[in-house]
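Just so it is clear, none of the values below were taken in a lab; they were calculated from the coordinates. Just so it is clear, the structure is predicted and the values come from calculations on it, not from any experiment. Ideal geometry is used to build each Cβ from the backbone, glycine not excepted, and the neighbour counts take in all protein chains shown.
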Amino acid sequence: MSGCKGIIVAKTIDEVRTKVAKWQAEGISVGLVPTMGFLHEGHGSLIRKAVEQNDEVIVSDFVNPTQFGPNEDLESYPRDFEADKNFCEKLGASLIFNPGPDEMYDRPRAYVNIEELSDGLCGARRPVHFRGVCTVVSKLFNITKANRAYFGEKDAQQLAIIRKMVKDLNFDIEIVGCPIVREEDGLAMSSRNTYLSAEERKAALCLSRAIKSGKENIKEGMSTKQLTSLMAEVIEAEPLAKIDYIEAVDGEMLQPIEKVQGRVLVAMAVYIGKTRLIDNFSWEGK
Ligand code: AMP
């Protein structure tokens with residue numbers, strides 16, 4: 001375990017456990033921010049919140065292989081550990097956990113799967129994704145014994161699934177959801193934005209434009225088909241964009257709904273060239 005200008009860098013589970021045991025003995029609260037690294041201000045907002053609400057903050061920085069499908073971007077996923085370490089340190093995190101895949105997985109046969117909520121939206125297109133996410137997040141909860149964990153609403157399906165997992169499996173941890181952080185021009189921040197060419201970067205603004213149109217037009221009782229068609233029109237006007245899905249689901253169990261009522265999640269995934277981007281908004285009736 002090495003301390004670099006204050007932040008502790010841990011590469012092994014044992015190093016994290018040793019540090020956490022010391023903190024726990026002193027009655028210190030621990031916040032966890034799970035990430036895949038290549039950190040930006042979206043991650044930054046989670047880290048800031050965690051620093052505000054906890055005595056010590058652990059950021060995990062791990063490109064988790066079990067949440068990638070065979071034809072996805074595991075190999076090319078952007079990585080810059082030095083920059084991540086400096087970023088976490090600047091924001092006041094105490095420890096950055098950066099294990100290799102072999103540290104986290106030794107021919108695993110146990111997985112955590114949350115049924116129903118994982119079936120639609122991104123889960124329908126990425127069959128092993130949420131099983132991988134829930135498994136690694138469960139491991140991180142067990143390794144860090146954190147009091148609170150921070151997740152972005154940018155990945156709204158993931159957040160709903162994690163909340164359900166914590167409830168169903170009685171994890172002793174508070175889940176804190178944080179709003180989507182956007183670039184000045186509206187594009188939701190994402191490590192994958194780095195894949196975009198200059199031309200694609202401009203085209204990617206159709207996602208936030210569609211979200212804006214959805215937010216402006218959504219009304220209690222309206223047909224969800226009408227709503228998602230309006231949003232689809234915005235995307236279809238952009239030649240470089242190809243819709244993977246645009247759907248409205250109930251905000252708790254994430255099941256398709258025909259009419260806007262109660263708590264609604266409107267989520268989409270859109271290809272800009274080869275890059276798949278996601279965005280969403282939530283709406284709550286009176
Ligand atoms: P990732 O590194 O992409 O797996 O993201 C790690 C965490 O940061 C997840 O909980 C994400 O939802 C969250 N996150 C990523 N981008 C944003 C953003 N633009 N705004 C808020 N949270 C974000």
Debye, to nearest 20: dipole size of the chain, +1 on Lys, Arg Cβ, -1 on Asp, Glu Cβ: 200
With +1 on each Lys and Arg Cβ and -1 on each Asp and Glu Cβ, how big is the dipole of segment 20-114 about its Cα centre, in debye rounded to the nearest 20? 240
Share of Cα-Cα pairs in the chain lying beyond 35 Å, as whole percent: 18
What helices in the chain pass both tests, a Cα length along the helix axis of 20 Å or more and a mean Kyte hydropathy of -1.0 or higher, using whole DSSP H runs? 129-144
Give me P(r) over segment 92-179, computed from all C-alpha to C-alpha distances, binned every 10 Å, as integer percentages. 15, 47, 35, 4
If the elastic network links every pair of Cα atoms under 10 Å, which of Ala237, Ala160, Ala50 fluctuates the most in the Gaussian network model of the chain? Ala237
Using alpha-carbon pairs under 8 Å, 6+ residues apart, how would you state the relative contact order of the chain in percent? 17
Largest fluctuation, Leu117, Leu187, Leu91 only, Gaussian network model of the chain with Cα springs under 10 angstrom, belongs to Leu91
Which value, in nm² and rounded to one decimal, describes the direction-averaged projected area of the C-alpha convex hull of segment 164-234? 7.6
Segment 134-202: relative contact order in percent, alpha carbon pairs under 8 Å with at least 6 residues between: 30
